[in-house]
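The values are calculated or read from the model by the stated rules, or taken from the named source; none is laboratory data. Nothing here was measured: the structure is a model prediction, and the numbers come from that model. Counting neighbours? That spans all protein chains shown, and the Cβs are built from the backbone with ideal geometry, glycine included.
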Amino acid sequence: MKKIILLLSFLYSFSVIADNHVPNYSVMESFQCNVKQGRSLDDVNRVNAEWAKWAESGNISVQYNAWQMTSVFQNKNDFDFTHGWIGFTNNYEDMGTIQDEWLANGSRLQSRFESVEDCGVHAMYYVYVARSPTEPFSDGFMTVSGCNLEEGTTNEQFLAADAKWNAYLDENGFSNGLLMRWIPGSGSGINNPYDYLQVFVSPSFKEWGSDVDKLVTGAGAYSASLYGELASCDTPRIYRSTYVGGYNPE
């Protein structure tokens, strides 16, 4: 119960800050899927392309952008899915609008998706952006770790650590990456083992490798000095994130 209260206060403080536009936040839906027997990821990608045309053709009315995740380094004994879908809106109301419009207009495409994949998980996450890229990019490589808060951790402590960490990254030539924390919500599972997911996206695998070289030669120790008393995280896994499409009103 203490952990639940702590996480709720942690999420609420993010919400208050986001309402004042510092820092950025969004809402994400996530699917974890497996390709059906006799089908391939190419079949899934063809349906994804149909969805991209559907999204751009007046079927949705609010901003929404989606990426496909495919595993690069992942232990199937821990995470038994071949690919995933992550879709982002600006807030929960917009995510609700997307769900309404999908129910109203997406039945044919839903059948097309169901013919090529089985998606056992459909969950929602609150997404807090701790570091934005200096230059936008669409595709990349995503490192994900499951994390649990230490008791007594506050949002203010995270904000102070983020400020120091971001300054360190800027001063030491780290890649043009995106750092997020995904806080689980509806659909994430009764026995979800994590308080949040730590997610870093690099534009290329070379830049990912350059960042890891820096981490193992000193930066990791500095990161531990900032975050070690705030949370503990498990072994990272890596996914390729490929932009599927979306709708971006002007």
Are there any pairs, at least 6 apart or on different chains, whose C-beta atoms fall under 9 Å, with the first in the range 46-70 and touching a residue at least 60 places away in the same chain (Cβ under 8 Å) and the second of a type in the set (Lys, Arg) and assigned to a strand (DSSP E or B), and if so, which? Gln68/Arg240; Met69/Arg240; Thr70/Arg240
Among the residues of the range 208-232, count how many are among the acidic types (Asp, Glu) and either within 14 Å of Ala160 (Cα to Cα) or surrounded by fewer than 14 Cβ atoms within 10 Å (Cβ to Cβ) (or both). 2
Conditions first: (1) aliphatic (A, V, I, L, M); (2) within 21 Å of Phe141 (Cβ to Cβ); (3) assigned to a helix (DSSP H, G or I). Ala224 passes all but one, so which condition is the exception? (2)
Would a scan of the range 32-41 turn up a residue that is crowded, with 17+ Cβ neighbours inside 10 Å, at pLDDT 95 or above and either hydrophobic (A, V, I, L, M, F, W, C) or out of contact with any strand residue (DSSP E or B) (no Cβ under 6 Å at 6 or more places or on another chain) (or both)? yes
Residues satisfying the stated conditions in the range 68-100, i.e. of a type outside the set (S, T, N, Q), more than 19 Å from Gly185 (Cα to Cα) and in contact with a Phe, Trp or Tyr (Cβ under 8 Å, 6 or more places away or on another chain): Met69, Val72
Filtering the range 189-213 down to residues that are part of a loop (DSSP other than H, G, I, E, B) and in contact with a strand residue (DSSP E or B) (Cβ under 6 Å, 6 or more places away or on another chain), which residue is modelled with the lowest pLDDT? Asn192
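Picking from Phe81, Phe88, Phe141, Phe73, which residue would you name as being exposed (fewer than 15 other Cβ atoms within 10 Å of the Cβ), closer than 30 Å to Val212 by Cβ, in contact with a strand residue (DSSP E or B) (Cβ under 6 Å, 6 or more places away or on another chain) and among the aromatic types (Phe, Trp, Tyr)?
When all the criteria are applied, what remains is Phe73.
Regarding Ala52, is this residue at pLDDT 95 or above, farther than 29 Å from Tyr194 by Cβ and either among the β-branched types (Val, Ile, Thr) or surrounded by 14 or more Cβ atoms within 10 Å (Cβ to Cβ) (or both)? Please lay out each step first, then the result.
Values: at pLDDT 95 or above: yes; farther than 29 Å from Tyr194 by Cβ: yes; either among the β-branched types (Val, Ile, Thr) or surrounded by 14 or more Cβ atoms within 10 Å (Cβ to Cβ) (or both): yes.
So Ala52 passes the test.
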